[in-house]
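> To start, I am sharing the structure in question, which I have written as structure tokens.
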Amino acid sequence: MKFLLQNISETVIMLLEIMFKLSKEVITLSQNNSKLVVKKEFCKGCGICVEFCPKKVLTMENGKVKIADIERCIKCGLCELRCPDYAIFLGGNDDEQ
Ligand code: SF4
Ligand code: SF4
């Protein structure tokens with residue numbers, strides 16, 4: 001019984017990890033290889049990041065933020081700073097690809 005429960009919990013954790021990875025969008029900047037990460041499951045579609053982005057990198061699509069043109073990003077960090085839900089940020093770990 002203990003073995004069965006352990007297997008179930010490991011399977012649930014694995015499924016949650018897969019869902020988490022599938023639900024985010026990672027863009028690599030071509031010039032300096034840094035990243036802008038959007039966690040769409042956290043995005044409530046308020047549009048604050050879109051309004052504050054000085055380079056019009058971001059837009060809204062189907063109630064979620066979308067990266068419209070990553071090449072315009074100057075890595076100012078305003079989107080990360082202003083997002084109330086921690087749904088968008090610069091950088092990220094190497095395993096977030
Ligand atoms: S880091 Fe700055 S330029 Fe890049 S998407 Fe965020 S607000 Fe826009
Ligand atoms: S500020 Fe955050 S929650 Fe609002 S649209 Fe942008 S990423 Fe989504």
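The values are calculated or read from the model by the stated rules, or taken from the named source; none is laboratory data. Everything numeric in this text was worked out from a predicted model, so none of it was measured. Please note: Cβ atoms are built from the backbone with ideal geometry, for glycine as well, and neighbour counts cover all protein chains shown.
> Can you tell me which residues in the range 57-81 are more than 8 Å from ligand 1 (Cβ to nearest atom) and either touching a Cys at 6+ places or on another chain (Cβ under 8 Å) or on the phi > 0 side of the Ramachandran plot (or both)?
Listed by number, the residues that qualify are 62, 63, 64, 65.
> Filtering the range 35-54 down to residues that are modelled with pLDDT of 95 or more and closer than 18 Å to residue 74 by Cα, which residue is farthest from ligand 2 (Cβ to nearest atom)?
54
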